[in-house]
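First up is the structure itself, then whatever we jot down about it.
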Amino acid sequence: MKLKIKRILKITLPLLLGVFLVWYSLSKVSIEELLIYAKKADYTYILLGMFLGLLSHLSRAYRWRFQLEPMGYHIKLGNSIMAVFATYLINYTIPRAGEVARASILTNYEDVPFEKGFGTIVAERIADMIIMLGIIVITLFLQFDFIYQFLIERFNPSKLLFMVLLGLVFFLLIFWFVRKSKSKIALKIKTFVNGLVEGALSIFKMKKKWPFIFHTLFIWGMYLLMFYITTFSIEELNNIPVGAVLIGFISASFSIAATNGGIGSYPVAVYLAFSVFGIEKDPSIAFGWIMWASQTLLIILLGGLSLIYLPIYNRTRR
């Protein structure tokens, strides 16, 4: 019974949060105003952003093959591409269900055991997480003065120092607890951290590790460039600071995990990040919706076609 309730909450809570955030963003900017921005937008940059997004997805599909080859599986590029697009589309319905479906597609059409296919997906997510952490560190380094000044202006320096020290002490206590404790929570944290380390190190043991690393950097480079290029579609954002792009991108990336595919949360995340730099509310939210809608349209179109074409593409399979 408890397991059933937990499963229901995993599906419904992100959806409810998404609905609330859609309402919240529309309470800041009306639909009529959003439509005005949509009509005025330069679709050359929107289409270019969609193309860059497409390149990142194709690169992800190509990269996946590097992980499967050492295990003796040489999958068709077509199946890999369609499995990736199907993953993104299914994740709009049930969080993380796309990853399960992606591994299942390989099992059905390429005879790759489910656990092995799913294991490679977990490993690639670890690689993506490492790159994301790298982007955060670089952003903190490049924007240190701005972030420091922003915090000083809004928080008392002595309180801020106290909060930092308190956070450090809390982290050290958690680290000590996890290291010494044998409780279920501590063991889960240990397993997760060990998995991260093992997954990261496994990349360097891969036969084609350098192509894998190149594609990983390329994927995230396209994500970041896609975000930046699309800002040019809104005239008011043409002179946006680099710091706003970086922090906006980080905030928007985390929003995708908060709700199904970033529904509702994406525009709000962009607005909150841009507001730190004094960028106006209306163009910020409008950009968030345009950015999310254009990439979602790409996923719905190609993900839907992939699910339809997969059995046709593999009809001659014995």
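Below are the figures for this structure:
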{"quantity": "Computed label-point distance, nm, for sites residue 312 and residue 137 using a 7 Å Cα→Cβ extension", "calculated": "4.7"}
{"quantity": "Relative contact order of segment 59-109, pairs being alpha-carbon contacts under 8 Å that are 6 or more residues apart, as %", "calculated": "29"}
{"quantity": "Given charges at beta-carbon only (K, R positive; D, E negative), |dipole| of segment 23-313 in Debye", "calculated": "1280"}
{"quantity": "Mean Cα-pair separation over length for segment 23-313, i.e. relative contact order, pairs under 8 Å, 6 or more apart, %", "calculated": "32"}
{"quantity": "Gain in span if fully extended, residue 96 to residue 187, counting 0.36 nm per residue against the direct Cα distance", "calculated": "30.5 nm"}
{"quantity": "Cα lying deepest toward the dipole's positive end in segment 23-313, options 173, 129, 142, charges on Cβ", "calculated": "173"}
{"quantity": "Residue 54/residue 144 FRET efficiency (R0 45 Å; Cβ-Cβ; nearest 0.05)", "calculated": "0.85"}
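Computed from the coordinates by the stated procedures, all read-outs in this text should not be read as laboratory data. Just so it is clear, the model here is predicted, and its values are computed rather than measured. In this analysis, Cβ positions are derived from the backbone assuming ideal geometry, glycine residues included, and neighbour counts consider all displayed protein chains.
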